[in-house]
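> The structure under discussion is supplied below as structure tokens; questions concerning it will follow.
The values are calculated or read from the model by the stated rules, or taken from the named source; none is laboratory data. Worth saying up front: this structure is predicted, and the values here are computed from it rather than measured. Here the Cβ is made from the backbone with ideal geometry for all residues, glycine too, and neighbour counts use every protein chain on show. Each accessible area value is taken on the protein alone, full model and side chains, heavy atoms only, with ligands, DNA and RNA left out. Shrake-Rupley method; radii C 1.70, N 1.55, O 1.52, S 1.80 Å.
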Amino acid sequence: MKHSSLCQKLSIGAIEAFAIFDGAIGMDPADLFVPNQAPQPEADGIRQQIRGGEPGIHSSVLLLKTGRNTVLVDTGSGPGGDPNVGKLLKNLQATGIDSAEIDSIIFSHCHPDHIAGTLDVEGNPVFPNAHYYISENELAHWSAETVRVNSLIPEAMKDFVVCTAKRALQAINSRMSAVRSGQEFLPGIRALDGAGHSPGQIALAVTSGSNTLVHAADVIANSTVAFKYPRWASAVDEDRDLAATTRQRLLDQLSADRVQMFAPHIHFPGIGYVERRHSEYVWQPSPLK
Ligand SMILES: [Zn+2]
């Protein structure tokens with residue numbers, strides 16, 4: 001991807017927002033987003049369609065300059081793992097933003113592609129002046145002594161997922177506030193219930209004046225499957241029924257309200273609108289400069 005396309009700016013009223021590319025996760029999106037139990041021949045058709053596109057799964061992070069706060073939503077995959085991702089810091093610098101400027105970090109949820117960039121390889125916080133926000137349900141889930149991972153990933157990967165979340169949360173635990181769905185915990189930023197993909201996942205409504213952008217977190221994680229078959233759970237959804245119900249509800253809301261959406265794993269910059277067409281939905285990427 002060329003330099004100029006690593007960061008996409010847009011305005012939400014008086015708020016400046018930037019989608020910043022963290023890389024493309026080196027996993028097969030067809031494996032992840034088309035469940036084994038999906039009905040044939042639709043599943044094969046969609047798998048083929050996905051594999052005909054770009055390889056990997058795009059991952060990006062939203063930065064908000066609200067006038068009062070400089071806010072990062074999630075910290076990406078960080079260093080030391082998949083070499084295709086963890087490019088957030090470099091791309092923030094290329095955009096002219098120093099990590100010390102960021103005063104607030106919101107975690108949509110604690111999967112490694114959203115939280116592992118919190119620490120450097122030595123385990124030190126990357127953002128020296130940040131205060132952290134996380135949903136109280138998500139914090140309680142990952143702080144439990146034994147954390148069960150119900151998603152359909154290999155056992156070895158489950159250990160990595162749990163260790164990564166615990167390590168990050170422990171390192172920043174004195175600088176963290178727990179928030180609830182529905183709460184406006186920073187001016188213009190309200191948590192929305194996104195539970196299912198992860199037990200306490202939150203989406204966000206970012207509002208300035210009459211303008212709103214919804215950060216959909218991983219409620220809506222793939223533009224081929226999530227809109228056409230919103231009931232199909234992905235292999236990384238922890239509670240597959242709840243994830244599907246939450247997805248359907250958010251798609252209904254976004255299409256009815258014609259609200260612009262950002263989703264970290266939809267093809268970069270992942271900004272657009274949801275249209276409802278009968279029983280399915282269609283993704284309309286925003287025309288951006
Ligand atoms: Zn994710």
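> Which entries in the list Lys90/Lys228; Lys87/Lys228; Lys9/Lys90; Lys65/Lys289; Lys87/Lys289; Lys228/Lys289 go over 25 Å, if you measure between the two C-alpha atoms of each?
Long pairs (Cα-Cα over 25 Å): Lys90/Lys228; Lys87/Lys228; Lys228/Lys289.
> Kindly write out, for region 201-217 in residue order, the coupling ³J(HN,Hα) from the Karplus curve 6.51 cos²θ - 1.76 cosθ + 1.60 (θ = phi - 60°), rounded to whole Hz, with x marking Gly and Pro.
4, 10, 9, 9, 10, 10, 10, 9, x, 9, 9, 9, 10, 9, 8, 7, 6
> Sticking with this structure for a sec: Given charges of +1 on the Cβ of Lys and Arg and -1 on the Cβ of Asp and Glu, with all other atoms neutral, how large is the dipole of the chain about its Cα centre, in debye to the nearest 20?
In debye, rounded to 20, the chain gives about 640.
> In a shell of Cβ-Cβ distance under 11 Å around Arg51, excluding Arg51 itself, what net charge do Lys and Arg (+1) and Asp and Glu (-1) give?
Its environment carries a net charge of -3.
> Per residue, how large is the accessible surface of region 139-208? Use a 1.4 angstrom probe and give square angstrom.
48 Å²
> At most 14 other C-beta atoms within 10 Å and a DSSP loop state: those are the exposed GluC sites (Glu not before Pro) I care about. Give me the longest piece of the chain that has none.
146-289
> Tell me, what % of the accessible area of region 3-285 is carbon and sulfur with a 1.4 angstrom probe?
Of the solvent-accessible surface of region 3-285, carbon and sulfur hold 48 percent.
> I would also like to ask the following. When the Cα centres of region 187-232 and region 102-179 are compared, how far apart do they sit, in Å?
Between the Cα centre of region 187-232 and that of region 102-179, the gap is 19 Å.
> Mind jotting down the distance between the C-alpha centroids of region 20-55 and region 77-99, whole Å?
25 Å
> Just need the relative contact order of region 3-285 here, percent rounded to a whole number, with Cα pairs under 8 Å and 6+ apart. Please list the in-between numbers first.
Details: 626 pairs, mean separation 50.1, N = 283.
So the answer I get is 18 percent.
> Still on this structure: Where does the Debye-calculated log10 I(q)/I(0) of the chain sit at q = 0.09, 0.15 Å⁻¹, using only Cα point scatterers of equal weight, no solvent?
Taken in order of the listed q values, log10 I(q)/I(0) reads -0.38, -1.17.
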